[in-house]
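This report concerns only the one structure given below.
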Amino acid sequence: MPTEIRIYFEGHKRLTPGFHAFLSEIRDRAIQKRCKFHLVASKSGDEACHDFGVALKSHPSAWNILLRDSEGPLNNQRSLALCAEMGWSKSCAGSIFWMVEMMESWFHADKDKLAEFYGAGFKATALRRNLKVEEIPKNDLESGLRAATRSSLKGDYYENKTAHGAALMERIRPQHVREAAPNCAKLFDAVLKRLA
């Protein structure tokens, strides 16, 4: 069992409270098992990779985890390919997890919370109906979210991305996301298993 878990995620530091809320089951289990838990925000995928790589050397006794957008369809070899590209050991592939194709796909898994957050003017019909949110292409995720929120009380998601992203991460229900996004479920299952 790890004594420390450090998750390096792609996203602005203002998203940290949202990720803390979303990953609360993992955080609470870690605390229960006397395992330190840290979330580290990295603005871009490249920065998250850099920070993760540094952590492998600066925090060798921790379980360092990388969580980033896939930016496109995900294949089974993507984590190994990233390890080769970055010069990391192949064993690091088991510590790399993906938001497919991007964090916003997780919002699509809980449309009720989106509607609740955006209120009047939110157009749920603009979002793809695919229940398997990881199959929705990035362009469709972006255009759907923009169209759904543009006329809402809170305004266009992409004009308020950091603030809205943080608020939505705090509200969406992890169980809904895990059911609709296998790679999100993989993250929860892997970490909770190690903390059993």
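Derivation of every value follows stated rules applied to the coordinates shown; laboratory data play no part. All values derive from a computational prediction rather than experimental measurement.
Using just the helices of the chain, give the 222 nm mean residue ellipticity in deg cm²/dmol: DSSP H runs with n ≥ 4 each add -39,500 (n - 2.57), and the total is spread over all residues, rounded to 500.
So the calculated ellipticity at 222 nm is -14000 deg cm²/dmol.
Considering only C-alpha atoms, what is the centroid distance from region 33-99 to region 135-160, in Å?
First find each Cα centre; the distance between them is then 28 Å.
In nm², what is the average projected area of the convex hull enclosing the Cα atoms of region 128-188?
4.5 nm²
If the chain between TYR158 and ALA126 were fully stretched, how many nm would it gain, using 0.36 nm times the residue separation less the Cα-Cα distance?
Gain in length upon complete extension: 10.0 nm.
What is the chain's relative contact order, in percent, from Cα pairs under 8 angstrom and six or more apart in sequence?
Relative contact order for the chain comes out at 26 percent.
Once you've got the Cα coordinates, tell me which of LYS43/LYS138; LYS111/LYS193; LYS138/LYS161; LYS57/LYS186; LYS113/LYS161 are over 21 Å apart.
Distance filter (> 21 Å) returns LYS111/LYS193; LYS57/LYS186.
Evaluate 2.2 N^0.38 Å with N set to the residue count of the chain, then give the Cα radius of gyration divided by it.
Relative to the rule-of-thumb radius for its length, the chain sits at 1.02.
Report, to two decimal places, the Cα Rg of region 1-64 normalised by 2.2 N^0.38 Å (N = number of residues).
1.10
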